[in-house]
Amino acid sequence: MQEHSPTSLDEVNQALAACYAELSPQLKLAANYVLEQPMEIAFQSIRKSATAAEVTPSTLMRLAKRLGFDSYEQFREIFQSAVQSGPIELSGRASSLKALANTDDQVFLDVGDTAFDNIGRLFTTDTQAKVREAAERMLAAGKVAVVGFRDTFACAYHFAYVGRIAMPNIQLIRGQEGGLLTELAPFGEGDLVVAIGFDPYCAETVRALEITRANGVDAIVITDTLRSPLVPGAAVTFNIATATPHFFPSILSAITLIEAILAECVAYGPEALVDNVTTFESRMRALGAYVELE
């Protein structure tokens, strides 16, 4: 049991991630539900949450006490406070448009509902604080490596391409032709790595974090659960929703989070970042990179 109970949802999640390996099978089931369903924990009764988690109410109470809370109600208040101003209630928006869209295509509507819900879960006061911290760390870093392979390469590329316009110290790590170690070798203390990965987790991403951690590089991790192998040792962890009716994790909330972090960097960074954006756009137009509307 912890000496002091967590005071925010992020602290609860980090505490669960830290002790997860030591938990009994039943407490792990309870922890899984708490990590994956914070909205339900906030508003459901302990009995209903226990049924959904396939444990007993006493198991949820034991988990709360393991984290240092005197009661389950005190534990649940953390979740209620975290969602008071978010997530934005977007779930169900697509289905509500069914009549207007004049369609019975349930797959289309399910994709829309899930997309709205994923975005809604992102915009909480807890995430807002971590976005600011991530931006501050990026602004203070010497160099920033961005890592994401296979299904998350699109996220990493977007982060690096858009980010470099304002911050030229951002570098996309490609790891092609066995070059992962060579690309990461220049990064050390004072630098930062941003790693993105969802289940199924890429071995290369885990390896990249092992290499940079050994060199004293701090990490910002964007992943789908605090049980992810990318989490250990991270300075900032974003646990985002990737649900989707189709066959691979959705990257929609990851792209949205990336844009929020980069926007925060420009908003609160030095004027030079704005100058960099202006210079980039002028240079691209001068080179004929864009087609102008007539």
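Expressed as an acute angle from 0 to 90° and rounded to the nearest 10, what is the orientation of the C-alpha long axis of helix 9-19 relative to the principal long axis of the chain?
80 degrees
Per residue of the chain, what 222 nm ellipticity follows from adding -39500 (n - 2.57) for every DSSP H run with n ≥ 4, rounded to the nearest 500?
After summing the helix terms and dividing by residue count, I get -16500 deg cm²/dmol.
Could you tell me the center-to-center distance, by alpha carbons, between segment 210-228 and segment 249-264 in angstrom?
The distance from the Cα centre of segment 210-228 to that of segment 249-264 comes to 18 Å.
Between segment 131-171 and segment 18-55, what is the separation of their alpha carbon centroids in Å?
Distance between centres, Cα-based: 33 Å.
Here are some values of Cα Rg over 2.2 N^0.38 Å: [x] 1.10; [y] 1.15; [z] 1.21. Which one was computed from this structure?
Read-out from the structure maps to [x].
Taking only protein heavy atoms and a 1.4 Å probe, what accessible area per residue, in Å², does the chain have with all protein chains in place?
Dividing the accessible area of the chain by its residue count gives 51 Å².
Can you find, among 273, 44, 286, the residue farthest towards the positive end of the dipole of the chain? Put +1 on the C-beta of Lys and Arg, -1 on that of Asp and Glu.
Checked the options; the winner is 44.
What FRET efficiency do you get for residue 70 and residue 22 if R0 is 25 Å and r is their Cβ-Cβ distance, rounded to the nearest 0.05?
0.70
The values are calculated or read from the model by the stated rules, or taken from the named source; none is laboratory data. Keep in mind the model is a prediction, meaning the values are calculated, not measured. When we count neighbours, we look across all protein chains shown, and the Cβ atoms used for this are built from the backbone with ideal geometry, even at glycine. Just the protein is used for accessible areas: all its heavy atoms, side chains included, with ligands, DNA and RNA removed. Shrake-Rupley method; radii C 1.70, N 1.55, O 1.52, S 1.80 Å.
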